[in-house]
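The structure follows.
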Amino acid sequence: MQNLLEDLTKLFSKEEKYTSEGRILKNVIIEDALKLEPLLIKLLLSDKKIKKHFFQDIEGTYIFDKIKFQKFISNKQFLPDSYTAFKNKIGLTTADEYITEKKDVVLSWPYKDCVLEGGQDKEDAKRDEIFWNETLAPDEIDRLLSPKVLTNWKKYDKDGEQKVEEVSENDNLIIKGNNLLGLSSILKKYRGKVKLIYIDPPYNTENGGFNYNDSFTHSTWLTFIKNRIEIAKQLLSNDGVLVINSDEIEHSYLKCLIDELFGRENFKGDFIWQKRKGGGNDSHFIALDHDYLTVHVKNSLKSIHEKWRIPYEGSYLERYKEIDEKTGERFYWDTLARDGLQNPIPVEIEAPDGAKIKLNSQKSKKSIEEGLKEGSIRFTESKNGWSLHHKVFMPEGKVSRSILTELGTNKTAGDELVSLFGSSPFKYPKPEGLLRFLINLFTVEKDLVLDFFLGSGTTAAVAHKMNRRYIGVEQINSAENIICERLKKVINGEEGGISKDVNWQGGGSFIFCELAKANQEYIDMINEAKDAKSLLKIWKKMQDKAFISYKVDIKSINENVADFKELPLEDQKRFLIETLDKNMLYVPYSEIDDADYSINDEDKMLNHKFYGGKA
């Protein structure tokens with residue numbers, strides 16, 4: 001077998017496509033094998049020994065056994081570094097193969113159809129932040145996305161911390177834990193009930209100062225976002241809205257991704273938010289001082305479309321405001337067509353007053369005539385020629401522009417946090433004014449707002465002051481020691497942010513809980529470890545109590561401790577985390593009565609009420 005490996009290595013070395021700087025490009029070879037690339041087939045057939053091993057002779061016709069070939073190539077590694085070598089040597093396996101890579105064939109980017117379970121760790125001033133994640137193929141996911149046990153329940157109102165007796169849909173909810181699993185846990189209870197989802201995910205800028213590690217590779221970032229939006233979409237109501245904050249690095253790719261998940265027809269445009277005023281930034285060519293807020297709706301309903309597609313300021317629209325005689329609704333006339341449009345159709349129309357109007361339009365003559373007859377279209381004449389207008393109904397407070405310049409900046413948001421906590425725990429928070437604008441535009445009082453990258457808690461704080469219900473999910477420690485403290489101040493009538501603008505007087509309540517940890521507890525311990533000695537102690541505990549992946553050869557790891565110690569500390573941590581079964585990061589609700597998890601009776605009662613199970 002070793003000679004066959006050497007023969008293959010020599011053979012691939014003859015073809016530039018399969019080598020780079022003396023290394024074999026294994027992924028390229030595997031992809032070509034899956035595609036039955038003629039270049040690869042011809043190359044393999046050129047060697048008698050290799051042909052005999054990977055081809056079957058059927059009456060003079062050679063049939064390529066691509067499964068056998070792929071298995072062989074994947075199992076015999078061209079190893080790039082010590083971590084990969086150690087990982088493969090001591091055995092993360094599936095069936096009779098070592099796990100060294102995913103073999104999924106995807107259309108758009110690597111691992112698109114997999115799940116990035118992703119865990120955020122808090123930033124630590126003494127070391128670079130590490131984003132622990134593992135990409136899981138579909139066949140590796142068993143209970144990962146099942147509802148999880150919620151624990152550490154607390155309720156806060158003006159009188160302080162209260163015991164949680166009931167969990168209703170009217171309660172505001174803050175959940176601490178992995179946001180992918182948090183979303184999965186609330187799916188049954190809140191499916192189709194969320195009016196607005198706003199998220200400000202990590203931007204993928206390789207900027208280590210952000211409290212989430214946002215230096216993902218491009219494909220990993222897309223997978224990370226895709227997994228979460230697929231679940232979030234199910235939580236939206238039929239007229240629900242998704243708004244995602246991004247910058248220029250991933251904005252275009254993000255738009256395409258959400259188009260795929262929601263449908264291109266459900267993209268309603270971008271808001272451009274001015275995040276800084278004056279001063280320098282970290283751009284090297286164009287001074288970029290804005291973020292994008294990409295807006296998609298769950299369903300492209302006409303009423304939704306007309307509600308927001310208003311391109312002028314309210315003062316301008318006052319000149320065009322009228323009252324619909326039949327319904328009494330307020331509306332304005334929006335320009336539909338004028339000379340010089342792209343791909344215009346010459347149209348000649350006879351208007352009700354007898355005038356013959358010639359114009360270039362993107363609407364058909366029949367459509368225009370029908371609109372004139374029913375009163376939904378009219379013409380105006382100016383020095384620039386004839387213009388065609390149609391009715392757009394204008395609900396109170398829903399007029400907006402796409403350029404957002406007076407809603408606060410990153411500095412404004414930072415100052416808001418300083419006023420609350422004495423310092424700003426986040427480098428690039430969002431101002432309350434920006435969230436007020438979005439919540440006012442897309443929701444009414446009592447509507448449900450969701451943010452599953454809650455960060456410093458701005459979305460929840462603003463929703464609370466605007467009498468909206470809200471759910472927030474956050475994994476890093478800010479979930480309890482920043483967000484909860486901020487919301488307590490809101491309940492007690494704090495005067496910062498938008499408080500004066502909305503005449504906020506205090507009041508209300510919220511419930512805090514967190515996902516009950518299983519393997520996540522060991523990941524936290526591994527993250528905090530300072531040396532190999534500490535990690536080996538954790539590994540010993542893991543063998544007794546943790547849920548180890550079925551792929552792991554525990555005996556092999558214990559026999560190769562010396563090799564483990566030779567790895568850099570971060571690689572030691574990576575390896576131990578990969579040995580854990582990711583289906584068991586948190587305690588499944590279905591196993592709440594298992595004595596091994598020690599879930600107390602009070603938590604059991606509240607979980608049953610939350611999930612609608614047994615009382």
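The values are calculated or read from the model by the stated rules, or taken from the named source; none is laboratory data. Fair warning: this is a prediction, and the values are worked out from it, not measured in the lab. Here Cβ is always computed from backbone atoms with ideal geometry, including for glycine, and neighbour counts include all displayed protein chains. Protein only, heavy atoms only, side chains kept; ligands, DNA and RNA dropped before computing areas. Shrake-Rupley method; radii C 1.70, N 1.55, O 1.52, S 1.80 Å.
Select from segment 507-560 the residues that are touching a Gly at 6+ places or on another chain (Cβ under 8 Å), of a type in the set (Asp, Glu) and over 30 Å from His464 (Cβ atoms) and list them in ascending order.
Selection gives Asp553 alone.
Continuing with this model, one more query. Within segment 137-169, how many residues turn out to be more than 20 Å from the chain's Cα centre (by Cα) and within 14 Å of Lys609 (Cα to Cα)?
Residues that pass the stated criteria total 10.
Pairs needed: first member in segment 25-52, on the phi > 0 side of the Ramachandran plot; second member anywhere, open to solvent by 50 Å² or more (accessible area, probe 1.4 Å) and at pLDDT below 85; C-beta distance under 8 Å; at least 6 residues apart or different chains.
Sorted first by the residue in segment 25-52, then by its partner, the pairs are Leu36/Lys66.
Quick grid of which residues meet (1) in contact (Cβ under 8 Å) with a residue 60 or more places away in the chain; (2) among the β-branched types (Val, Ile, Thr):
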residue: Thr459; (1), (2): yes, yes
residue: Lys465; (1), (2): no, no
residue: Arg486; (1), (2): yes, no
residue: Gly493; (1), (2): no, no
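Something else now. Can you pull out the residues in segment 392-403 that are at pLDDT 60 or above and either open to solvent by less than 40 Å² (accessible area, probe 1.4 Å) or under 27 Å from the mean Cα position of the chain (by Cα) (or both)?
Hits for segment 392-403 are Val392, Arg401, Ser402, Ile403.
Which one is nearest to Tyr156 (Cα to Cα), of the residues in segment 418-464 that are of a type in the set (A, V, I, L, M, F, W, C) and in a loop (DSSP other than H, G, I, E, B)? Give the derivation first.
Keep residues of segment 418-464 that are of a type in the set (A, V, I, L, M, F, W, C), which gives 418, 420-421, 426, 434-435, 437-439, 441-442, 444, 448-450, 452-454, 460-463.
Among the residues that remain, those that are also in a loop (DSSP other than H, G, I, E, B) are: 426, 444, 452-454.
Details: Phe426: 24, Val444: 24, Phe452: 20, Phe453: 21, Leu454: 18 Å.
For segment 418-464, the residue satisfying everything is Leu454.
Would you confirm whether any residue within segment 72-92 is hydroxyl-bearing (Ser, Thr, Tyr), assigned to a loop (DSSP other than H, G, I, E, B), modelled with pLDDT under 80 and open to solvent by less than 70 Å² (accessible area, probe 1.4 Å)?
Initially, segment 72-92 is screened for residues hydroxyl-bearing (Ser, Thr, Tyr), giving 74, 82-84.
Filter again for assigned to a loop (DSSP other than H, G, I, E, B), leaving none.
Scanning segment 72-92 turns up no residue that is hydroxyl-bearing (Ser, Thr, Tyr), assigned to a loop (DSSP other than H, G, I, E, B), modelled with pLDDT under 80 and open to solvent by less than 70 Å² (accessible area, probe 1.4 Å).
Starting from residues that are of a type in the set (Lys, Arg) and either at pLDDT below 95 or closer than 15 Å to Lys517 by Cβ (or both), keep the ones in segment 134-162 and report whichever is surrounded by the most Cβ atoms within 10 Å (Cβ to Cβ). Spell out how you get there, then give the answer.
Restricting attention to segment 134-162, the residues satisfying the condition of being of a type in the set (Lys, Arg) are 143, 148, 154-155, 158.
Filter once more, keeping what is either at pLDDT below 95 or closer than 15 Å to Lys517 by Cβ (or both): 143, 148.
Values: Arg143: 16, Lys148: 30.
Restricting to residues being of a type in the set (Lys, Arg) and either at pLDDT below 95 or closer than 15 Å to Lys517 by Cβ (or both), the top hit is Lys148.
Before we move on, is Lys540 open to solvent by 10 Å² or more (accessible area, probe 1.4 Å), among the basic types (Lys, Arg) and either modelled with pLDDT of 95 or more or at positive phi (or both)?
yes
For residues that are surrounded by fewer than 17 Cβ atoms within 10 Å (Cβ to Cβ) and small (Gly, Ala, Ser), tally how many sit in segment 543-563.
Going through segment 543-563 one residue at a time, the tally reaches 2.
Okay, moving on. With respect to Glu566, is the statement that it is open to solvent by 30 Å² or more (accessible area, probe 1.4 Å), out of contact with any Leu (no Cβ under 7 Å at 6 or more places or on another chain) and in contact (Cβ under 8 Å) with a residue 12 or more places away in the chain true?
When the stated conditions are applied, Glu566 passes them.
Could you tell me how many of the residues in segment 487-539 are under 30 Å from Pro147 (Cβ atoms) and small (Gly, Ala, Ser)?
Summing the residues that are under 30 Å from Pro147 (Cβ atoms) and small (Gly, Ala, Ser) in segment 487-539 gives 4.
Considering only residues that are closer than 18 Å to Leu173 by Cα, basic (Lys, Arg) and not in a strand (DSSP E or B), look in segment 466-521 and name the one that is least open to solvent (accessible area, probe 1.4 Å).
Initially, segment 466-521 is screened for residues closer than 18 Å to Leu173 by Cα, giving 466-492, 506-516.
Then keep just the ones that are basic (Lys, Arg); that gives 468-469, 486, 488-489.
Pick out the ones that are also not in a strand (DSSP E or B) and you get 468, 486, 488-489.
Details: Arg468: 24, Arg486: 2, Lys488: 56, Lys489: 76 Å².
So the residue we want is Arg486.
May I pose another question? If I go through segment 526-563 residue by residue, how many of them are under 18 Å from Asp581 (Cβ atoms), of a type in the set (A, V, I, L, M) and in a helix (DSSP H, G or I)?
Summing the residues that are under 18 Å from Asp581 (Cβ atoms), of a type in the set (A, V, I, L, M) and in a helix (DSSP H, G or I) in segment 526-563 gives 5.
When you scan segment 1-20, do you find a residue that is at positive phi and modelled with pLDDT of 85 or more, even just one?
no
A follow-up question, please. Would you point out which residue out of Glu369, Glu374, Glu406, Glu381 is at pLDDT 70 or above, open to solvent by 40 Å² or more (accessible area, probe 1.4 Å), among the acidic types (Asp, Glu) and under 39 Å from the mean Cα position of the chain (by Cα)?
Glu406
What helices (runs of 4 or more DSSP H) completely inside segment 177-278 contain at least 1 residues that are modelled with pLDDT of 90 or more and closer than 21 Å to Ile483 by Cβ?
179-190, 218-235
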